[in-house]
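Below you'll find the structure, written out as structure tokens, and then a few comments.
All of the numbers you see were taken from the coordinates with simple rules; none came from a lab. Quick caveat: nothing in here was measured; it's all calculated off a predicted structure. Positions of Cβ are backbone-derived with ideal geometry, glycine not excepted, and every protein chain shown enters the neighbour counts.
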Amino acid sequence: MIAQYDLFKRKERGRRICFVQSSGRKGRHRRKGQDASSAVDSFGARAIRAELTEQCDIVPVDKIADYDIALVSITSVYESENLLVDIAAAKRGKGDATVIAGGMGMLNVWPLYDWLDVAVFGRAEGQVNGIVQGESYPNVWRKIADPELAGSYEIRQATELLPGEKGIGCPGKCSYCQYTNIRRPLVSRGYKAGAVDNVYEDIWSLLKLKSGRNISAWDGMTEATRRRVCKPVTDSGIVRKLQAHRALGLTRTTNIKTYNIIGYPWETPTTYVADLAEMRSVIAKADGPGSRILIMMLFTPFSPEPFTPMQNENVEFHNWREIIEAEGRAVYKGEAIEAFILPQIAGPLTLQKRVALNRCGRDNRKEIGRFVRSAVTATPDFYRRFGFEEFGGYGYLSVGNREGS
Ligand code: SF4
């Protein structure tokens, strides 16, 4: 729900300032368990509005022209995607409004470059009024001062937790994880690892299994893959925790949702079949009489994210959804333990758009904008036509796969 203003404490209106709410029209937020208001209702977005000394209205993209300054929160690459769709669909442009976009998801300016005036990299708490006034900061890019984006900017870190925030960052250093690579860890005093709703819940070794709902992440189908990406989850660690919990003999079922990544650069449809068999045999080792355990695996295709050690990796656009469905989503069914793969698996188009936005540069931003707004899966011809094979030094975007299929 969007926070309502207390009209008795209404701030003075000087310049007209608005906070932009994306329509979330592509359903990205909903698929991530959020709704379209999440970009305006996140901890950071609420803190920014509370800090502003001038009144701020929440409006959709096509109302920006009625304001002097428009603030946009970007917490993930999906918000850039939704914004590109909203901007193209808006009946009116931005008029004379100065558009300021920022947040921990503001990592590549180029996709939104033509619409933006100012980008704020990282957290803006404690500086938003200065930014609106035009002051300079090491984490703030202004198009008027640096139109070629030639300068160096820092990703500003939080120095304290916001009300309601339990922690930031993660002690892990998984090589694919942008979350940990762009955030300095900060946790509240008295913070306990292992609770379902905390930031470290996905560290398997810290998870305290209980009957009911649990969430964690294995992020690799085999121990070999997990070692390769520095994910601290071993096969024996999986078996030990499941075994110990099963032995409790609880009457209520224990559900464990595990996040998994598929399609690392060394994975192919053939390796998937072998890896699935390996995962099945690991789970089987933990089975026996006792508490019923239901493991629900959510697979997400690997995406080489900026500012991670894997940012320059190749990406193979297999249709992992089809590959997984073809092998069947049932992974294991034994005496007490059952494991299956959830049907929500992103298709190649979602991944292609994510990679395109992450690797977008100055010269291909308009083509990438068109592609991101389109509903077609890019073909090899499409890539060649738009010169997508090379993305500003970030590496290579593969259009085939190493098995030649
Ligand atoms: S993937 Fe999870 S455990 Fe690994 S660094 Fe990121 S947040 Fe931490």
Quiz prompt | Percent of Cα pairs exceeding the 17 Å cut-off, where the set is the range 245-386 | solution = 67 percent
Exercise. Name the long-range amide H neighbours of Ser76: under 5 Å, sequence gap of 5 or more, or other chain; modelled H, no Pro or chain starts.
Key: Gly105
Quiz prompt | Exposure proxy ranking, count of Cβ atoms within 10 Å, fewest first, for Phe340, Phe371 | solution = Phe340, Phe371
Quiz item: Under 5 Å between amide H atoms, partner at least 5 residues away or on a different chain: which partners does Gly288 have, H built in plane at 1.01 Å?
Solution: Glu335, Ala336, Ile337
Quiz item: Pairs Lys173/Lys333; Lys166/Lys208; Lys94/Lys366; Lys210/Lys231: which are spaced more than 26 Å apart, C-alpha to C-alpha?
Solution: Lys173/Lys333
Quiz item: Each residue of the range 248-257 in turn: what ³J(HN,Hα) in whole Hz from Karplus with 6.51, -1.76, 1.60 and θ = phi - 60°, glycine and Pro shown as x?
Solution: 5, x, 5, 7, 7, 5, 9, 9, 10, 8
Quiz prompt | Residue-wise HN-Hα coupling along the range 324-336, computed from phi with Karplus coefficients 6.51, -1.76, 1.60 (Hz; x: Gly, Pro) | solution = 5, 4, 4, 7, x, 8, 7, 9, 7, 9, x, 5, 10
Quiz item: How many angstrom separate the Cα center of the range 194-273 from the Cα center of the range 97-165?
Solution: 36 Å
Self-check item: Long-range HN-HN contacts of Thr300 with modeled amide H, under 5 Å
Solution: Asn260, Ile261, Ile262
Quiz item: Would you list Met279, Met310, Met296 from fewest to most Cβ contacts within 10 Å?
Solution: Met296, Met310, Met279
